[in-house]
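Peer 1: Here it is: the structure, laid out below.
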Amino acid sequence: MEPYRREIRIAGFGGQGVVLAGIVLARAGMLDGRQVVQNQSYGAEARGGGARAEVILADGPILYTDVLHPDVMLVMSQLACNKYGQDLATDGQLIIETELVSDVPIALQDRASGAPFTQMAQDTFERAIVANMVALGYCVGRTEVVTRESLIRAVEELVPAGTAELNLAAVAAGWELAPVPGLVHGSMSGPLPPLAGSASVVELDAS
């Protein structure tokens, strides 16, 4: 049996909380008892430039620490999708911020799903800044790369003081967008129901 190893990449632009999302995900993996590697990078400008966070989760020692072909990729901008989409593993899942990513390569459309995370954060919490937590909740609900319990604990530990309640609510909102777990390896399990109101889940179909 092949050892468990999952590669996750989260990408967008500075100011979206991409790096925090990666750190929270990595901590949740640790709480699940996995071996974890996490790294991040920024573009030329901290806010508005490119930002990327990568996480590797494994049951054994992680000898190769680079993410080359992510099993799960969350892209929060069109630039990130254009730049990294081609790296997605053959059977990986692509999750998109649908307000900011309008052009998904045809080859990836049958493995892509998403929602307007930023719009939902603004409409529901009047805080667009928690779009990263909405997206992270959706991502984990969709892929089950970490457990919900560990994700909650990681959020409680790592978000800025006084914001835990808001960030946990954002994670829960994202989780509810993805009620049907997908598989990191294999096709997605059918269409997701739309969220009530203006925000809706989108699954792309290349046909």
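The values are calculated or read from the model by the stated rules, or taken from the named source; none is laboratory data. Small disclaimer: the values here were computed from a predicted structure and weren't measured. Note that each Cβ is placed from the backbone with ideal geometry, even for glycine, and that neighbours are counted across all protein chains shown.
Peer 1: Collect the residues in region 106-122 that are in contact with a Lys or Arg (Cβ under 8 Å, 6 or more places away or on another chain) and not hydroxyl-bearing (Ser, Thr, Tyr), keeping them in residue-number order.
Peer 2: Once the filter is applied, which keeps residues that are in contact with a Lys or Arg (Cβ under 8 Å, 6 or more places away or on another chain) and not hydroxyl-bearing (Ser, Thr, Tyr), region 106-122 yields only Ala121.
Peer 1: Which condition does Ser200 not pass, out of (1) over 27 Å from His69 (Cα atoms); (2) modelled with pLDDT of 50 or more, if it passes all the others?
Peer 2: Tallying (1) over 27 Å from His69 (Cα atoms); (2) modelled with pLDDT of 50 or more, Ser200 fails exactly one: (2).
Peer 1: Something else about it: Being free of Cβ contacts under 8 Å to residues at least 24 places away in the same chain and among the aliphatic types (A, V, I, L, M), is that true of even one residue in region 4-23?
Peer 2: no
Condition check ((1) modelled with pLDDT of 95 or more; (2) in contact with an Asp or Glu (Cβ under 6 Å, 6 or more places away or on another chain)) across all residues:
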{"site": "Gly15", "(1), (2)": "no, no"}
{"site": "Leu31", "(1), (2)": "yes, no"}
{"site": "Glu45", "(1), (2)": "no, no"}
{"site": "Ile56", "(1), (2)": "yes, yes"}
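Peer 1: I need a count of the residues in region 62-90 that are within 12 Å of Ile8 (Cα to Cα) and free of Cβ contacts under 8 Å to residues at least 24 places away in the same chain.
Peer 2: 2
Peer 1: Identify the residue in region 145-178 that is touching a strand residue (DSSP E or B) at 6+ places or on another chain (Cβ under 9 Å) and assigned to a loop (DSSP other than H, G, I, E, B) and, among all such residues, is farthest from Val101 (Cα to Cα).
Peer 2: So, considering only residues that are touching a strand residue (DSSP E or B) at 6+ places or on another chain (Cβ under 9 Å) and assigned to a loop (DSSP other than H, G, I, E, B), the one farthest from Val101 (Cα to Cα) is Val146.
Peer 1: Continuing with the same structure: Just to be sure I understand, how many residues within region 111-126 are surrounded by 15 or more Cβ atoms within 10 Å (Cβ to Cβ) and either of a type in the set (Lys, Arg) or part of a helix (DSSP H, G or I) (or both)?
Peer 2: The total comes to 9.
Peer 1: Need the failing condition index for Thr147 against (1) surrounded by fewer than 19 Cβ atoms within 10 Å (Cβ to Cβ); (2) out of contact with any Asp or Glu (no Cβ under 6 Å at 6 or more places or on another chain); (3) in contact (Cβ under 8 Å) with a residue 60 or more places away in the chain; (4) not basic (Lys, Arg), just the number.
Peer 2: Of (1) surrounded by fewer than 19 Cβ atoms within 10 Å (Cβ to Cβ); (2) out of contact with any Asp or Glu (no Cβ under 6 Å at 6 or more places or on another chain); (3) in contact (Cβ under 8 Å) with a residue 60 or more places away in the chain; (4) not basic (Lys, Arg), only one is false for Thr147: (2).
Peer 1: Could you name every one of the strands (runs of 3 or more DSSP E) located completely within region 1-105 that has at least 1 residues being surrounded by fewer than 19 Cβ atoms within 10 Å (Cβ to Cβ) and touching a Lys or Arg at 6+ places or on another chain (Cβ under 6 Å)?
Peer 2: 35-42, 50-58
Peer 1: Can you name the residue in region 136-153 that is touching a Leu at 6+ places or on another chain (Cβ under 6 Å) and of a type in the set (A, V, I, L, M, F, W, C) and is also farthest from Ser113 (Cα to Cα) among such residues?
Peer 2: Top of the filtered list is Val140.
Peer 1: Regarding Val72, is this residue farther than 15 Å from Ile95 by Cα and of a type in the set (Val, Ile, Thr)?
Peer 2: no
Peer 1: Also: Quick check on Gly186: is it buried (at least 18 other Cβ atoms within 10 Å of the Cβ), at pLDDT below 95 and closer than 20 Å to Pro70 by Cα?
Peer 2: Spelling it out, it is not the case that Gly186 is buried (at least 18 other Cβ atoms within 10 Å of the Cβ), at pLDDT below 95 and closer than 20 Å to Pro70 by Cα.
Peer 1: Same structure, new question: Could you list, ordered by first residue, the pairs with Cβ atoms under 9 Å in which the first is in region 131-144 and surrounded by 24 or more Cβ atoms within 10 Å (Cβ to Cβ) and assigned to a helix (DSSP H, G or I) and the second is at pLDDT below 95 and charged (D, E, K, R), at least 6 apart or interchain?
Peer 2: As it stands, the answer is Gly137/Glu176; Tyr138/Glu176, since those pairs meet every condition given.
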